[in-house]
Structure formats: C-alpha cells, structure tokens
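Here is the structure we will look at, set down as structure tokens.
The values are calculated or read from the model by the stated rules, or taken from the named source; none is laboratory data. All of these numbers come straight from a predicted model, not from anything done at the bench. Neighbour counts run over all protein chains shown; Cβ positions are idealised from the backbone, glycine included.
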Amino acid sequence: MATRTALTHVLVCAGTGEEWARTSVEEWRAQVGAIVAAVSDGDVRWLTLVAREGDGTAESRAATLATVCEAFGAQASGDRATHIAAGGLTVTVDACADGHRRFTDATRRLGDPARIDEARLAATLCAPAPDEPDLVVVLGEATRLPASLTWELGYSELVFLDVPWLACNAEHLGLAIDDFRRRSRRFGDVD
C-alpha cells in the first residue's frame with residue numbers, strides 16, 4: 001500500500017570535503033540561504049548537509065566547521081555544526097564525508113554493543129534530527145552513490161541533480177522537492 005508522508009527532514013549531499021574547506025563565509029551564507037529558501041515552504045524541520053566525498057584531514061574538517069560557525073553563529077560538536085535558521089528550521093552541517101567512519105563513531109558513542117538497536121543507532125547518526133531523512137538530494141552524477149551516506153539511504157527517497165555544490169540554487173532544490181512530492185513512498189512494500 002502506497003503512503004504519502006510529509007517532508008520533514010531533507011539531507012543534501014554535495015561537494016567534497018576539500019571544496020567545503022575552500023568555501024568562504026559569504027559562500028556558505030549564500031548556499032545555505034538558497035537551500036533554506038527552497039525547503040522552508042513546507043513542513044521541513046530538519047536540514048542536514050553532508051559532503052559527498054573527500055573527507056580531508058581533521059584540520060580541514062575543523063576549518064570547515066569554524067567557517068560554518070562564523071557564518072551562522074552555529075554550535076559545533078564533533079564533526080557537526082548546528083544552527084537554527086529562519087522559521088525554526090534546524091540546519092546541521094556534517095563535515096565528515098566518510099560514511100563508514102560516521103557509522104563506527106556512532107556505535108562507539110552508544111557504548112555497550114548489546115544495547116545498540118536500529119532506533120538508537122538511527123537517532124545517533126541523524127542527530128539532532130529525530131529520524132532518517134525523507135529526501136536525500138545528491139548533487140553530482142547519478143552513476144554512483146556517495147560514500148558519505150551508508151545509513152541514510154535505507155529509508156530515504158533519492159533525487160540526483162547534476163549540479164556543482166556552489167551552483168545549486170533554490171530552483172534546483174525546488175525541483176527535487178517537487179519530484180519527492182509526486183512519489184508514493186512504499187518503504188519496501190509493493191503495489
């Protein structure tokens with residue numbers, strides 16, 4: 001049975017860690033502003049940005065987060081910086097583009113392996129968002145899935161946009177959201 005659901009969490013997978021490290025405060029403000037403008041019309045409460053590939057060094061990830069914190073007054077924790085945008089939208093920038101490392105770090109934070117279950121792992125990986133993304137927008141070619149996403153793809157709808165990180169605008173993301181809204185999510189069920 002097909003189910004239509006609200007779009008509450010959008011993840012944008014874009015650029016490389018190296019591109020993010022070179023992105024200026026002004027470019028971050030413009031880029032995140034365009035993405036926020038695209039998602040702010042509906043029920044989206046959570047926006048997560050993850051680099052597509054090229055994890056870089058700990059120093060380059062820290063530099064990226066410092067730039068994001070300067071641009072938005074965000075709070076950094078680990079490889080993430082989070083701030084509240086217009087309309088109460090929570091925006092998280094995750095500078096770690098290595099999905100396997102993010103997964104390993106999450107299991108380590110959860111502690112006792114006997115207590116790890118799908119819900120706790122999902123909550124840790126997606127924090128501060130309470131659930132996996134409804135929509136994952138991948139900027140770049142659609143010929144391969146990004147290595148930065150290992151968990152988030154399980155229950156999410158995917159839309160690929162062949163647009164570079166700093167060229168993506170509200171119109172591009174609006175097209176991805178329109179595509180999502182036309183879909184009937186089945187979560188593994190068949191018609």
(message) On the basis of being touching a helix residue (DSSP H, G or I) at 6+ places or on another chain (Cβ under 9 Å) and of a type in the set (D, E), does D162 make the cut?
(response) no
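Within segment 134-151, restricting attention to residues that are in contact (Cβ under 8 Å) with a residue 24 or more places away in the chain and of a type in the set (A, V, I, L, M, F, W, C), which residue is surrounded by the fewest Cβ atoms within 10 Å (Cβ to Cβ)? Break it down into steps so the answer makes sense when it comes.
As a first pass, look at segment 134-151 and keep what is in contact (Cβ under 8 Å) with a residue 24 or more places away in the chain: 134-140, 146-151.
Okay, now just the ones that are also of a type in the set (A, V, I, L, M, F, W, C), so 135-139, 147, 149, 151.
Details: L135: 23, V136: 26, V137: 29, V138: 24, L139: 23, A147: 14, L149: 21, W151: 18.
For segment 134-151, the residue satisfying everything is A147.
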(request) Determine the pairs where a residue that is closer than 15 Å to Q31 by Cα and hydrophobic (A, V, I, L, M, F, W, C), located within segment 76-88, has a partner that is at pLDDT below 90 and surrounded by 13 or more Cβ atoms within 10 Å (Cβ to Cβ) with Cβ atoms under 8 Å apart, the partner being 6 or more residues away or on another chain. (result) A85/S40; A86/S40
(message) Contact list please: Cβ distance under 9 Å, first residue in segment 152-166 and at negative phi, second residue in a loop (DSSP other than H, G, I, E, B) and modelled with pLDDT of 95 or more, pairs at least six apart or on different chains.
(response) W165/T23; L166/T23
(request) From the list T90, T48, T82, T57, pick out the single residue that is under 22 Å from E152 (Cα atoms) and surrounded by fewer than 19 Cβ atoms within 10 Å (Cβ to Cβ). (result) T90
(request) Could you grab me the full set of residues in segment 124-133 that are touching a residue at least 40 places away in the same chain (Cβ under 8 Å), touching a Phe, Trp or Tyr at 6+ places or on another chain (Cβ under 7 Å) and of a type in the set (A, V, I, L, M, F, W, C)? (result) A129
(request) Would you check which residues across segment 19-40 are touching a residue at least 60 places away in the same chain (Cβ under 8 Å) and charged (D, E, K, R) and list them? (result) E19, E27
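Would you say A167 is under 19 Å from A34 (Cα atoms), surrounded by fewer than 17 Cβ atoms within 10 Å (Cβ to Cβ) and among the hydrophobic types (A, V, I, L, M, F, W, C)?
Numbers: under 19 Å from A34 (Cα atoms): yes; surrounded by fewer than 17 Cβ atoms within 10 Å (Cβ to Cβ): yes; among the hydrophobic types (A, V, I, L, M, F, W, C): yes.
Answer is yes for this residue.
Taking segment 131-149, which residues are farther than 19 Å from R183 by Cα and charged (D, E, K, R)? Talk me through it step by step, then tell me what you get.
Here is the first cut: in segment 131-149, the ones farther than 19 Å from R183 by Cα are 131, 139-141, 143-149.
Once the filter is applied, which keeps residues that are farther than 19 Å from R183 by Cα and charged (D, E, K, R), segment 131-149 yields D131, E141, R144.
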